[in-house]
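Working notes, beginning with the structure itself.
The values are calculated or read from the model by the stated rules, or taken from the named source; none is laboratory data. Note that the structure is predicted; figures quoted are calculated from it, not measured. FYI the Cβ positions are ideal-geometry reconstructions off the backbone, even for glycines, and counts take in every protein chain you see.
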Ligand SMILES: [Zn+2]
């Protein structure tokens, strides 16, 4: 039965390129240019899928993206769930099966690549049917940058399937010539297989291009910014609602015409055509001429078009006026249609019935303009009585609609409105555009349509087989139930019934459901309006949206100049913002705890080295730099002498700790400040904010220099000796190089700025060299420190060492609700300065409370226990009935080599007044006792600082 | 002591970048160690004029303007902010000249030579490659030669400079810590030109 | 993807910007002199209109300048006739 339903000639398929594919285990043949749907129909396969809720057989209803029924799961070349068979191109090796309701995501990794392209144009034309092509031609000839995007594999839109003529020749000739001319324009980009699925603010449109399984990227997302947009998105044919309107073999009339003309496929042998308007007659004629027996044209109108009637009479096709199809028979395929005379509009139908045997029922309830993109861009729509559907009605975007989307259905009018829209768009974009000549087309006079929502007299009075949304299996009965439950607007009914929420976003069911609701409510369709149209117009995979941003490129990985060394030494890394920082350097066989204890011990007893290049650095210059820093830090920086360094806390105006770091005065009018690794960008933005908007009188410039410097912390009692060895020119004595001072000089032959600062309580130096020399100096220091057992250490050891000294980490021990006083750092808050950021807030009643959460130390009674960070602190050993009063939580917790036990920092209500008390922390299912301490656990006297 | 060894942020990427170049289509390479000095001064002040003179050309005062002055390239970064880019080793000289020209007037001069590295992307495919991650309109009608912009390329901030001589040619100035990420991204995005399968 | 008009760099995609909330919320000249209530109003209270809103943006991925625009929060359109200008006040 291979291609039994394929016509001997005609169509736009490539008969020289047969392709073999597999549908549900059947080996079938189609041709290049076929969709899966057309190839299935050519092989007589009508039943494709099973409906999602009721398990009813479903076939192919449409020939494009509006298909509500024929969903398939593609298994090869790559598993893809839920694709309409009408949009899948057949190719060799395609393997697909009909969906039993729901699709299935692939379990293996997708080997394909996906990417993104940003582009700009003067005129974006969406849709390459007659209107879109005419628009593109007018615009392109002006020299404007034009993009034409169309979802189909080739341009032409309705002209591909209608078999009509333009200028006395096949319309497809005009399509070919127009496309060829457009392709010649250097500033025109043609994007077939590209669906514009989203229309956002300021003429930003996003499209998905299917580039093919063998392309360098399988799908590409286009992010387009257009000066002007022409929406030539066409219209979708509307089905009709009657009993059993969902059987395989029931097809939109225009789609059937497309299958005959474009794909040379007969969708059946014996057809009934049921219509409310003229357009289905063309389908009847084309199908008849292709060899389909048209048993009856059933027209809901009392008076039918004399033009079409005469064409039918010539062919012996019988027309039943004032008649409707009220129900159907058949299981896997329609076998008969049941006709009933409808009587005049508004009257009850008579009961005259006739059963007509057929294997195909074409339906046309009119046309719904595809206003989706127009509406996404917040354009309004109005109900057009003549076509019984919603059309665009004004937009704030630089956009215009043309062609069928405006409710114009005759090809000639579509061409003209397109050419005008293209000219107007190009002119609006500043180009001297002329109207492109449009080809002559002949069209019959159009007789008014009858708007029919639920066909009167349909077989089942309860409406349970009268489908409004086939994709959702939602029926007239569901709509009635929604209205009976009190819902009287389309948005509510949509949510109650799920109409319009399937993969097809209600392309065929949207206007229909509004009509049915209006009928049930007894109001006008125009009064109800539409539901909100949202992106995407057709489904888009997450892989396409992610594009290149997956795997290693998911987010930038920031590395320091010494990164490769850390990798070579087997460091494990911790993510700090986007930075990769060495976490710890395990020796073979070491777990994290062992490695960190070893690193801590090495630093406290000998010498260790850490890469601290990630700390943010900002150069502050200008005659008012000192005054500026006095305003942004809680302590006084203007009194700092050149050559000295001070630790500083920054608060936001609400008095909460925002960041911290060191301030180095490098010259009278120049400072270098450091920030936390994760906070650098925010601190710079915060400082610029105040400088540019409130303190505009201050003459200060800020420059981020974070990556100019590679920074090495050399820490431990032996650090002075190591530095002396590699930097013989430096005076490293305690007297010559005091704590919190800096010097410039050669370190390992590189000009460096060396600072004596410590974040561990140990004697320590921080060596800054330009990034380019970071690795060199690091390695020289490593080699020089070898006799002293120098040990590289990571962030975990740094955290333990600073916690032993009670130094908080902003962002770990603080969370935006902690003041300097809460941290016990009142010493860093100036009482002399008139003002600084946060000062006023310290006297707000809430900030001045004495029972705020304070940073304290905690020692678990079980010295082997390391409390989990985030653990709650409670008063009593028994939790009792909820709500259990919470006193605070653990912010940092480690095992200490020097203490020989676990210890923690925590914020606890009134914590400083509880020092010595025993509190409890629920760990697992039991509260464990902990002792509240001062937050400084080690070397309280600070004796180790000077080595 | 031997001369210290300097390593640019993409020193280990030379071969990778070379391999992702396509003859006659696309060339990606690091231009390491260029001197870079940030200059801040009130553009309307006499000091700004003196700074321009000292550099051998006026400071560009239009958004995104680039001025070439001998072997120096001066980029407009903001209404009172410029980046002077020059050959390796020129940083000290530029700083001294600008500082002298400021002559005590309020301004700022900061050596940022190692803060960013420079990637050059050259060839007929350069624009398409960049537009895979850059949302700016890089069409010659919108972004001419000797224009610059601070923007995003993929997820990294960059200063983008159009330097066309014969073929389209761009500089990407990227923070040193982001350089490898950006290089990896460029190599990945250039894959289709290497395999020859891509449409422009 | 809104286009935000940076007064220095021209219109750019909104992802290049940092949002700064309501404009023209002036920090009291002498914070120590204002009542707790007035101080709290400055810190925490902002308008949230449906319609035209004057707000601050900073071009963080570009020139780092703060500026003010008027935007209709309903349509997301920046009002072009009003133009944009350098921001005058900070909002914490
Ligand atoms: Zn800007």
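Just give me the residues in the range A:864-910 being farther than 24 Å from residue A:818 by Cα and in contact (Cβ under 8 Å) with a residue 60 or more places away in the chain, in sequence order.
Matches in the range A:864-910: A:865, A:895, A:896, A:897, A:898, A:899.
Would you say residue A:688 is touching a helix residue (DSSP H, G or I) at 6+ places or on another chain (Cβ under 6 Å) and either more than 27 Å from residue B:116 (Cβ to Cβ) or within 14 Å of chain B (Cβ to nearest Cβ) (or both)? Give the derivation first.
Working: touching a helix residue (DSSP H, G or I) at 6+ places or on another chain (Cβ under 6 Å): no; either more than 27 Å from residue B:116 (Cβ to Cβ) or within 14 Å of chain B (Cβ to nearest Cβ) (or both): yes.
Against the criterion (touching a helix residue (DSSP H, G or I) at 6+ places or on another chain (Cβ under 6 Å) and either more than 27 Å from residue B:116 (Cβ to Cβ) or within 14 Å of chain B (Cβ to nearest Cβ) (or both)), residue A:688 does not qualify.
Which condition breaks for residue A:667 when tested against (1) within 30 Å of residue A:607 (Cα to Cα); (2) over 46 Å from the mean Cα position of the chain (by Cα)?
For residue A:667, the exception is condition (1).
Residues that are closer than 30 Å to residue A:755 by Cα and not in a strand (DSSP E or B): does the range A:927-935 have at least one?
Kept after step one, since they are closer than 30 Å to residue A:755 by Cα, are these residues of the range A:927-935: A:934-935.
Imposing the further condition that a residue be not in a strand (DSSP E or B) reduces the set to A:934-935.
There is at least one residue in the range A:927-935 that is closer than 30 Å to residue A:755 by Cα and not in a strand (DSSP E or B).
Checking residue A:73 against (1) out of contact with any helix residue (DSSP H, G or I) (no Cβ under 8 Å at 6 or more places or on another chain); (2) crowded, with 24+ Cβ neighbours inside 10 Å; (3) under 18 Å from residue A:538 (Cβ atoms), which single condition isn't satisfied?
Of (1) out of contact with any helix residue (DSSP H, G or I) (no Cβ under 8 Å at 6 or more places or on another chain); (2) crowded, with 24+ Cβ neighbours inside 10 Å; (3) under 18 Å from residue A:538 (Cβ atoms), only one is false for residue A:73: (2).
Listed residues A:76, A:62, A:37; which is under 30 Å from residue B:189 (Cα atoms) and not assigned by TED's automatic domain parsing to the domain that holds residue A:172?
Numbers: A:62 fails: under 30 Å from residue B:189 (Cα atoms); A:37 fails: under 30 Å from residue B:189 (Cα atoms).
Residue meeting the stated conditions: A:76.
Listed residues A:512, A:447; which is on the phi < 0 side of the Ramachandran plot, out of contact with any helix residue (DSSP H, G or I) (no Cβ under 6 Å at 6 or more places or on another chain) and buried (at least 20 other Cβ atoms within 10 Å of the Cβ)? Walk me through it before giving the result.
Values: A:447 fails: buried (at least 20 other Cβ atoms within 10 Å of the Cβ).
Selected residue: A:512, the only one of A:512, A:447 that is on the phi < 0 side of the Ramachandran plot, out of contact with any helix residue (DSSP H, G or I) (no Cβ under 6 Å at 6 or more places or on another chain) and buried (at least 20 other Cβ atoms within 10 Å of the Cβ).
Among the residues of the range B:66-90, count how many are within 14 Å of the ligand (Cβ to nearest atom) and in contact with a helix residue (DSSP H, G or I) (Cβ under 9 Å, 6 or more places away or on another chain). Show your work before the answer.
Of the residues in the range B:66-90, the ones within 14 Å of the ligand (Cβ to nearest atom) are B:75-81.
Next cut, in contact with a helix residue (DSSP H, G or I) (Cβ under 9 Å, 6 or more places away or on another chain) only: B:80.
Of the residues in that region, 1 qualify.
Among the strands (runs of 3 or more DSSP E) confined wholly to the range B:1-87, which include 1 or more residues that are within 14 Å of chain C (Cβ to nearest Cβ) and closer than 27 Å to residue A:746 by Cα?
B:35-41
Among the residues of the range C:26-67, what is the count of those that are away from the ligand (no atom under 16 Å from the Cβ), part of a loop (DSSP other than H, G, I, E, B) and at the interface with chain A (Cβ under 9 Å from one of its Cβ atoms)?
Result for the range C:26-67: 5.
Just to be sure before I move on: is residue A:876 surrounded by 17 or more Cβ atoms within 10 Å (Cβ to Cβ) and not assigned by TED's automatic domain parsing to the domain that holds residue A:758 in the structure I sent?
Details: surrounded by 17 or more Cβ atoms within 10 Å (Cβ to Cβ): no; not assigned by TED's automatic domain parsing to the domain that holds residue A:758: yes.
Judged against the criteria, residue A:876 is not a match.
Please verify whether residue B:16 is in contact (Cβ under 8 Å) with a residue 12 or more places away in the chain and crowded, with 21+ Cβ neighbours inside 10 Å, treating the condition exactly as stated.
Answer is no for this residue.
If you go through the range B:51-65 one residue at a time, how many are away from the ligand (no atom under 16 Å from the Cβ) and crowded, with 20+ Cβ neighbours inside 10 Å? It would help to see each step written out before you state the result.
Going through the range B:51-65, the residues away from the ligand (no atom under 16 Å from the Cβ) turn out to be B:51-59.
From the residues that got through so far, the ones that are crowded, with 20+ Cβ neighbours inside 10 Å too are B:51-52, B:55, B:59.
Qualifying residue count for the region: 4.
Hey, any hits in the range A:731-752 for a residue that's in contact with a helix residue (DSSP H, G or I) (Cβ under 9 Å, 6 or more places away or on another chain) and touching a residue at least 40 places away in the same chain (Cβ under 8 Å)?
For the range A:731-752, residues in contact with a helix residue (DSSP H, G or I) (Cβ under 9 Å, 6 or more places away or on another chain) and touching a residue at least 40 places away in the same chain (Cβ under 8 Å): present.
Specify the residue that is nearest to the ligand (Cβ to nearest atom); the eligible residues are those in the range C:14-25 that are under 10 Å from the mean Cα position of the chain (by Cα) and touching a residue at least 40 places away in the same chain (Cβ under 8 Å).
Applying the first criterion (under 10 Å from the mean Cα position of the chain (by Cα)) to the range C:14-25 yields C:18-25.
Restricting the remaining residues to those that are touching a residue at least 40 places away in the same chain (Cβ under 8 Å) gives C:18, C:20-25.
Details: C:18: 12, C:20: 14, C:21: 19, C:22: 21, C:23: 17, C:24: 21, C:25: 22 Å.
In this case the residue turns out to be C:18.
Name every residue in the range A:579-605 that is surrounded by 18 or more Cβ atoms within 10 Å (Cβ to Cβ) and assigned to a loop (DSSP other than H, G, I, E, B), in order of residue number.
Matches in the range A:579-605: A:585, A:586.
With C:5, C:11 as the choices, which residue is within 9 Å of chain A (Cβ to nearest Cβ), in a strand (DSSP E or B) and within 16 Å of the ligand (Cβ to nearest atom)?
Numbers: C:5 fails: within 9 Å of chain A (Cβ to nearest Cβ).
Going through C:5, C:11 in turn, just one is within 9 Å of chain A (Cβ to nearest Cβ), in a strand (DSSP E or B) and within 16 Å of the ligand (Cβ to nearest atom): C:11.
Suppose we filter the range B:119-160 for residues that are away from chain A (no Cβ under 12 Å) and within 16 Å of the ligand (Cβ to nearest atom); how many remain?
Selection size over the range B:119-160: 6.
Please work out which residue is surrounded by the fewest Cβ atoms within 10 Å (Cβ to Cβ), limiting yourself to the range A:617-631 and to residues that are more than 15 Å from residue A:835 (Cα to Cα) and out of contact with any strand residue (DSSP E or B) (no Cβ under 8 Å at 6 or more places or on another chain). Reasoning before the result, please.
Filtering the range A:617-631 down to residues more than 15 Å from residue A:835 (Cα to Cα) leaves A:617-625.
Next, from what is left, pick out any that are out of contact with any strand residue (DSSP E or B) (no Cβ under 8 Å at 6 or more places or on another chain): A:623-624.
Values: A:623: 14, A:624: 18.
Per the stated criteria, the residue is A:623.
Conditions tested, residue by residue: (1) on the phi < 0 side of the Ramachandran plot; (2) crowded, with 20+ Cβ neighbours inside 10 Å; (3) within 13 Å of chain C (Cβ to nearest Cβ).
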residue	(1), (2), (3)
A:838	no, yes, yes
A:856	yes, yes, no
A:860	yes, yes, no
A:864	yes, no, no
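Residue A:575: outside the structural domain of residue A:205 (by TED's automatic domain parsing), loosely packed, with under 15 Cβ neighbours inside 10 Å and within 30 Å of residue A:902 (Cα to Cα), yes or no?
When the stated conditions are applied, residue A:575 passes them.
Based on what the data block shows, is residue C:76 away from the ligand (no atom under 16 Å from the Cβ), under 28 Å from residue A:119 (Cα atoms) and surrounded by fewer than 18 Cβ atoms within 10 Å (Cβ to Cβ)?
Working: away from the ligand (no atom under 16 Å from the Cβ): yes; under 28 Å from residue A:119 (Cα atoms): yes; surrounded by fewer than 18 Cβ atoms within 10 Å (Cβ to Cβ): yes.
So residue C:76 fits the description; yes.
In this structure, does residue A:157 turn out to be surrounded by 21 or more Cβ atoms within 10 Å (Cβ to Cβ) and under 23 Å from residue A:90 (Cα atoms)? Walk me through it before giving the result.
Working: surrounded by 21 or more Cβ atoms within 10 Å (Cβ to Cβ): yes; under 23 Å from residue A:90 (Cα atoms): yes.
Considered against the rule, which asks whether it is surrounded by 21 or more Cβ atoms within 10 Å (Cβ to Cβ) and under 23 Å from residue A:90 (Cα atoms), residue A:157 comes out as yes.
To keep it simple, each residue is scored yes or no on (1) farther than 30 Å from residue B:138 by Cβ; (2) touching a residue at least 40 places away in the same chain (Cβ under 8 Å); (3) touching a helix residue (DSSP H, G or I) at 6+ places or on another chain (Cβ under 7 Å).
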residue: A:67; (1), (2), (3): yes, yes, yes
residue: A:97; (1), (2), (3): yes, yes, no
residue: A:100; (1), (2), (3): yes, yes, no
residue: A:104; (1), (2), (3): yes, no, no
residue: A:107; (1), (2), (3): yes, no, no
residue: A:132; (1), (2), (3): no, yes, yes
residue: A:135; (1), (2), (3): no, yes, yes
residue: A:155; (1), (2), (3): no, no, yes
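Looking only at strands (runs of 3 or more DSSP E) that fall completely inside the range A:303-384, which ones have 3 or more residues that are at pLDDT 95 or above, crowded, with 17+ Cβ neighbours inside 10 Å and within 40 Å of the chain's Cα centre (by Cα)?
Numbers: elements: A:323-330, A:334-341, A:353-357, A:360-364, A:367-369, A:381-384.
Counting at least 3 such residues, we get A:360-364, A:367-369.
In the range C:26-41, what count of residues is obtained for those that are touching a residue at least 40 places away in the same chain (Cβ under 8 Å) and buried (at least 17 other Cβ atoms within 10 Å of the Cβ)? Talk me through it step by step, then tell me what you get.
As a first pass, look at the range C:26-41 and keep what is touching a residue at least 40 places away in the same chain (Cβ under 8 Å): C:26-27.
Still in the running and buried (at least 17 other Cβ atoms within 10 Å of the Cβ): C:27.
Residues in the range C:26-41 being touching a residue at least 40 places away in the same chain (Cβ under 8 Å) and buried (at least 17 other Cβ atoms within 10 Å of the Cβ): 1 in total.
Anything in the range B:161-193 that is assigned to a strand (DSSP E or B), facing chain A (nearest Cβ under 10 Å) and more than 10 Å from the chain's Cα centre (by Cα)? List them, or say none. Please lay out each step first, then the result.
If we filter the range B:161-193 for residues that are assigned to a strand (DSSP E or B), which is where we start, we get B:161-162, B:169-175.
Add one more test, that the residue is facing chain A (nearest Cβ under 10 Å), and what stays is B:174-175.
Of everything in the range B:161-193, just one residue is assigned to a strand (DSSP E or B), facing chain A (nearest Cβ under 10 Å) and more than 10 Å from the chain's Cα centre (by Cα), namely B:175.
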